[in-house]
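Following: one structure in structure tokens, then a few remarks.
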Amino acid sequence: MYVKLCGLRTTADVATAVDAGADAVGFVFSPSARQVDPATAGRLVREVPPHVLSIGVFSGVPAAEVRRLAVESGVGAVQLHGAYPKAAFDEVSTSGLPLVRAVALTPGTDVRVGAHGEEMLLLDSPVPGSGERWDLTALDGARPEGRWLLAGGLGVRNVAEAVARARPWGVDVSSGIESSRGVKDHGLMREFVAAARNG
Ligand SMILES: O=C(O)c1ccccc1NCC(=O)[C@H](O)[C@H](O)COP(=O)(O)O
């Protein structure tokens with residue numbers, strides 16, 4: 001089970017995620033309680049060891065700016081949320097960085113992993129980072145195959161059940177590992193990784 005911990009903001013967050021065994025960590029570049037400025041993101045990215053993927057998370061930022069910020073900060077991948085067209089993915093991919101396409105599952109959503117050239121697909125609640133769950137029965141008949149992550153309101157208490165229901169390749173969490181909005185709880189981070197992998 002691939003586990004991404006998102007919205008990290010401090011050195012201690014990064015150290016805890018790595019020690020807990022996360023496969024990937026996310027740094028939010030868009031307006032959010034979890035936003036990190038480019039210089040901070042760059043510093044944190046340099047603290048992430050090579051075996052953990054650092055992902056720059058973007059929403060509403062023009063593709064050319066995404067590309068610039070991603071390259072300058074040194075992230076290992078880019079996650080694009082929401083209504084980015086295929087052309088935006090094409091533009092960001094000229095950086096050579098792998099992409100994550102993050103979308104809510106609504107009627108008509110293309111759930112094929114790689115449909116926009118992405119390496120991973122992330123199925124999330126309509127408002128990213130809100131901590132809101134979504135109805136997993138929407139996956140019936142529309143379950144992706146391959147490298148897709150389940151996100152949206154996951155936490156220590158519900159991740160095992162959600163994994164059993166949705167059978168994703170991986171999971172992603174932000175709110176569920178926080179003590180207050182934007183502040184990571186290091187105990188919950190460790191518990192979440194264990195619960196996602198071991199039930
Ligand atoms: O976390 C944010 O504030 C955020 C803001 C803008 C775009 C994306 C954002 N988060 C993306 C993530 O990858 C979250 O981990 C994912 O949406 C799950 O969030 P949560 O429901 O809080 O666990």
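Looking only at region 139-183, count how many residues are of a type in the set (A, V, I, L, M), more than 9 Å from the ligand (Cβ to nearest atom) and under 20 Å from Ala115 (Cβ atoms).
Residues flagged as of a type in the set (A, V, I, L, M), more than 9 Å from the ligand (Cβ to nearest atom) and under 20 Å from Ala115 (Cβ atoms) within region 139-183 amount to 4.
Check Asp23, Asp19 and return the single one that is over 17 Å from Asp124 (Cβ atoms), acidic (Asp, Glu) and within 14 Å of the chain's Cα centre (by Cα).
Working: Asp19 fails: within 14 Å of the chain's Cα centre (by Cα).
Every option except Asp23 fails the conditions.
Inspect all residues belonging to region 116-125 and state whether any of them is more than 12 Å from the ligand (Cβ to nearest atom), modelled with pLDDT of 95 or more, assigned to a strand (DSSP E or B) and exposed (fewer than 15 other Cβ atoms within 10 Å of the Cβ). Full working, then the answer.
Initially, region 116-125 is screened for residues more than 12 Å from the ligand (Cβ to nearest atom), giving 116-119, 121.
Subset that is modelled with pLDDT of 95 or more: 116-119, 121.
Within this subset, residues satisfying the condition of being assigned to a strand (DSSP E or B) are 121.
This time we only want the ones that are exposed (fewer than 15 other Cβ atoms within 10 Å of the Cβ), so: none.
Within region 116-125, none of the residues are more than 12 Å from the ligand (Cβ to nearest atom), modelled with pLDDT of 95 or more, assigned to a strand (DSSP E or B) and exposed (fewer than 15 other Cβ atoms within 10 Å of the Cβ).
Between Val92, Val36, Val25, which is surrounded by 14 or more Cβ atoms within 10 Å (Cβ to Cβ) and touching an Asp or Glu at 6+ places or on another chain (Cβ under 9 Å)?
Working: Val92 fails: touching an Asp or Glu at 6+ places or on another chain (Cβ under 9 Å); Val36 fails: touching an Asp or Glu at 6+ places or on another chain (Cβ under 9 Å).
Of the residues listed, the single one that is surrounded by 14 or more Cβ atoms within 10 Å (Cβ to Cβ) and touching an Asp or Glu at 6+ places or on another chain (Cβ under 9 Å) is Val25.
State whether one or more residues within region 79-100 are within 17 Å of Lys4 (Cβ to Cβ) and in a loop (DSSP other than H, G, I, E, B).
Taking region 79-100 as the starting set, the residues that turn out to be within 17 Å of Lys4 (Cβ to Cβ) are 79-81, 97-100.
Those left that are additionally in a loop (DSSP other than H, G, I, E, B): 97-98.
For region 79-100, residues within 17 Å of Lys4 (Cβ to Cβ) and in a loop (DSSP other than H, G, I, E, B): present.
Do we find a residue being crowded, with 17+ Cβ neighbours inside 10 Å, among the small types (Gly, Ala, Ser) and in a loop (DSSP other than H, G, I, E, B) anywhere in region 136-152?
Checking region 136-152: at least one residue is crowded, with 17+ Cβ neighbours inside 10 Å, among the small types (Gly, Ala, Ser) and in a loop (DSSP other than H, G, I, E, B).
Do we find a residue being crowded, with 19+ Cβ neighbours inside 10 Å, of a type in the set (Ser, Thr, Tyr), part of a strand (DSSP E or B) and within 15 Å of the ligand (Cβ to nearest atom) anywhere in region 50-70?
Yes, the conditions are met somewhere in region 50-70.
If a residue must be within 13 Å of the ligand (Cβ to nearest atom) and within 23 Å of Thr11 (Cβ to Cβ), how many such residues does region 186-199 contain? Outline the logic, then answer.
We begin by selecting, within region 186-199, every residue within 13 Å of the ligand (Cβ to nearest atom); these are 188-189, 192, 196.
Cutting the leftovers down to within 23 Å of Thr11 (Cβ to Cβ) gives us 188-189, 192.
Summing the residues that are within 13 Å of the ligand (Cβ to nearest atom) and within 23 Å of Thr11 (Cβ to Cβ) in region 186-199 gives 3.
I'm trying to understand the selection: among the residues of region 169-199, which are assigned to a loop (DSSP other than H, G, I, E, B) and without any contact (Cβ under 8 Å) to a residue 60 or more places away in the chain?
As a first pass, look at region 169-199 and keep what is assigned to a loop (DSSP other than H, G, I, E, B): 169, 174, 181-182, 185, 199.
Matches in region 169-199: Asp185, Gly199.
With the requirement that a residue be within 18 Å of Val57 (Cα to Cα) and either of a type in the set (D, E, K, R) or surrounded by fewer than 19 Cβ atoms within 10 Å (Cβ to Cβ) (or both), what does region 154-174 give you?
Asp172, the sole residue that qualifies.
On the given criteria, is Val78 farther than 24 Å from Arg165 by Cα and either within 15 Å of the chain's Cα centre (by Cα) or among the β-branched types (Val, Ile, Thr) (or both)? Please lay out each step first, then the result.
Numbers: farther than 24 Å from Arg165 by Cα: yes; either within 15 Å of the chain's Cα centre (by Cα) or among the β-branched types (Val, Ile, Thr) (or both): yes.
Yes: the conditions hold for Val78.
Identify, from the list Thr106, Thr16, Thr11, the residue that is at pLDDT below 95, hydroxyl-bearing (Ser, Thr, Tyr) and either crowded, with 17+ Cβ neighbours inside 10 Å or on the phi < 0 side of the Ramachandran plot (or both).
On the way: Thr16 fails: at pLDDT below 95; Thr11 fails: at pLDDT below 95.
Of the residues listed, the single one that is at pLDDT below 95, hydroxyl-bearing (Ser, Thr, Tyr) and either crowded, with 17+ Cβ neighbours inside 10 Å or on the phi < 0 side of the Ramachandran plot (or both) is Thr106.
Given the residues Val193, Val183, which is the only one that is surrounded by fewer than 22 Cβ atoms within 10 Å (Cβ to Cβ) and within 18 Å of the chain's Cα centre (by Cα)?
Working: Val193 fails: surrounded by fewer than 22 Cβ atoms within 10 Å (Cβ to Cβ).
Answer to the check: Val183.
The values are calculated or read from the model by the stated rules, or taken from the named source; none is laboratory data. What you see is a predicted model, and the numbers here were worked out from it, not measured in a lab. Ideal geometry is used to build each Cβ from the backbone, glycine not excepted, and the neighbour counts take in all protein chains shown.
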